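Peer 1: Next up is a structure, given as structure tokens.
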């Protein structure tokens, strides 16, 4: 399984299953169960766009890129320059 396929699957999952517009892939890593991807998605559009709210999602896929589970791990404003450790942002 390639990283590109996992990236595409993560974007597709966030858009179609979770119902959010994906913005960027934060990370993809190989795990014992398969793959873990983190994606930021637009939660709420605001004016000005610096006030948009972005959500970060963690998605787990098996070796065949089938979704095993997902969860939202944080929320932030687009304008936030410093993002503290995710443990401090748990939703």
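Peer 1: Out of everything in the range 21-37 that is touching a helix residue (DSSP H, G or I) at 6+ places or on another chain (Cβ under 8 Å) and buried (at least 16 other Cβ atoms within 10 Å of the Cβ), what residue ends up being farthest from residue 62 (Cα to Cα)?
Peer 2: Out of the qualifying residues, it is 22.
Peer 1: Hey, another quick one. Condition first: closer than 11 Å to residue 6 by Cα and over 9 Å from the mean Cα position of the chain (by Cα). Now tell me which residues in the range 37-58 satisfy that.
Peer 2: none
Peer 1: Which of (1) under 12 Å from the mean Cα position of the chain (by Cα); (2) modelled with pLDDT of 95 or more is the odd one out, the single condition residue 61 does not satisfy?
Peer 2: Evaluating residue 61 over (1) under 12 Å from the mean Cα position of the chain (by Cα); (2) modelled with pLDDT of 95 or more leaves (1) as the failure.
Peer 1: Can you pull out every residue in the range 1-20 that is farther than 15 Å from residue 75 by Cβ and either in contact with a helix residue (DSSP H, G or I) (Cβ under 9 Å, 6 or more places away or on another chain) or exposed (fewer than 13 other Cβ atoms within 10 Å of the Cβ) (or both)?
Peer 2: Passing the criteria: 2, 4, 16, 17, 19.
Peer 1: Identify all residues within the range 38-72 that are crowded, with 17+ Cβ neighbours inside 10 Å, outside any strand (DSSP E or B) and either without any contact (Cβ under 8 Å) to a residue 12 or more places away in the chain or touching a helix residue (DSSP H, G or I) at 6+ places or on another chain (Cβ under 6 Å) (or both); write none if there are none.
Peer 2: Of everything in the range 38-72, just one residue is crowded, with 17+ Cβ neighbours inside 10 Å, outside any strand (DSSP E or B) and either without any contact (Cβ under 8 Å) to a residue 12 or more places away in the chain or touching a helix residue (DSSP H, G or I) at 6+ places or on another chain (Cβ under 6 Å) (or both), namely 65.
The values are calculated or read from the model by the stated rules, or taken from the named source; none is laboratory data. Computed from a prediction, not measured in an experiment: that's the story for all the values here. Every residue, glycine among them, receives a Cβ derived from its backbone with ideal geometry; neighbour counts consider all protein chains shown.
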